[in-house]
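Working notes for the structure below.
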C-alpha cells in the first residue's frame with residue numbers, strides 16, 4: 001500500500017510511518033520544512049516538501065499520484081494562532097481532499113479530536129481551544145458532505161507520548177455503550193490508523209478512540225460495517 005500523510009513530521013505521523021514501513025507499506029510524508037526530511041527518512045518515509053498553507057490543489061495532486069490512501073494528520077500545533085487553526089486544521093484538510101479527488105485517490109483518513117460536537121462554554125468561545133474545535137468540526141462536516149471520498153474519521157482522546165500499549169477501545173461516535181473520554185498513546189493511534197487503512201468497510205464511520213483492552217486490528221475488525229452516518 002502507498003500512503004501519503006499530510007503533516008508527515010507530526011508525532012502521530014512519524015509513528016505511522018515507522019509502523020507502515022515495518023509492515024512493508026510505502027509512505028510519503030508531506031512536510032513544510034526541508035529540515036524535517038532526515039527525520040521522516042529515518043522513519044521509513046519519502047519526504048516531500050509541500051506547505052499546505054501555500055500550495056495549490058493541482059500541485060499537491062501531483063504528489064498524490066499512485067497513492068492508495070491519504071491520511072490527514074496535520075495540525076497547527078500548540079501555541080499557534082486562531083487564524084492558523086483555520087488555515088491548517090480546517091483549510092488544509094479540505095485542500096488535501098481536493099487534491100486527492102484530482103489524483104483519483106478515494107480513501108481518506110482524517111485524524112480529528114473527541115468531543116468536537118459539543119460547543120465551547122460561553123466564557124471560552126473566543127479561546128484558541130474553541131477556534132481549534134470549530135476548525136476540526138468544520139473540516140469534518142465539509143469532508144463528510146463530499147461524494148468523491150471514502151472517508152473515515154478517527155477522534156482520539158487525550159494524546160500521550162507514553163509507549164504504546166497495543167490495547168485500545170474503539171467505537172462509533174454515538175454508539176452504545178459510549179467509548180468515554182480518556183487517554184490514548186500516539187503509538188496506539190498510529191496502529192489504529194494502519195488497521196483502518198486495511199478496512200475499507202469502515203468508510204463513513206466516525207470513531208472515538210481511547211486506551212483499552214483490545215488490540216487495534218481486532219478493535220477495527222469488530223466494527224464490521226459500522227459506518228452509520230451521524
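Give me the mean projected area, in nm² to one decimal, of the convex hull enclosing the Cα positions of region 38-82.
So the Cα hull casts an average projection of 4.5 nm².
Convert 10 °C to kelvin, take the viscosity as 1.306 mPa s, use the Kirkwood radius over C-alpha pairs of region 2-221 as Rh, and evaluate the Stokes-Einstein diffusion coefficient in µm²/s, rounded to a whole number.
Calculated translational D: 92 µm²/s.
So for the chain: antiparallel DSSP bridges make up what percent, rounded to the nearest 5?
Bridges in the chain are about 15 percent antiparallel.
Ignoring everything except DSSP H segments at least 4 long, calculate the 222 nm mean residue ellipticity for the chain; use -39,500 (n - 2.57) per segment, divide by total residues, nearest 500.
Only helices count here, giving -9500 deg cm²/dmol.
Taking the mean number of other Cβ atoms within 10 Å as a proxy for protection, how do you rank 46-54, 78-86 from highest to lowest?
With the highest mean Cβ count within 10 Å placed first, the list reads 46-54, 78-86.
Would you mind computing Rg(Cα) / (2.2 N^0.38 Å) for region 125-230, counting N as its residues?
1.07
Where a number appears in this text, it was derived from the coordinates with a stated rule and is not lab data. Treat the numbers as computed from the prediction; the structure is a model and nothing was measured. Note that each Cβ is placed from the backbone with ideal geometry, even for glycine, and that neighbours are counted across all protein chains shown.
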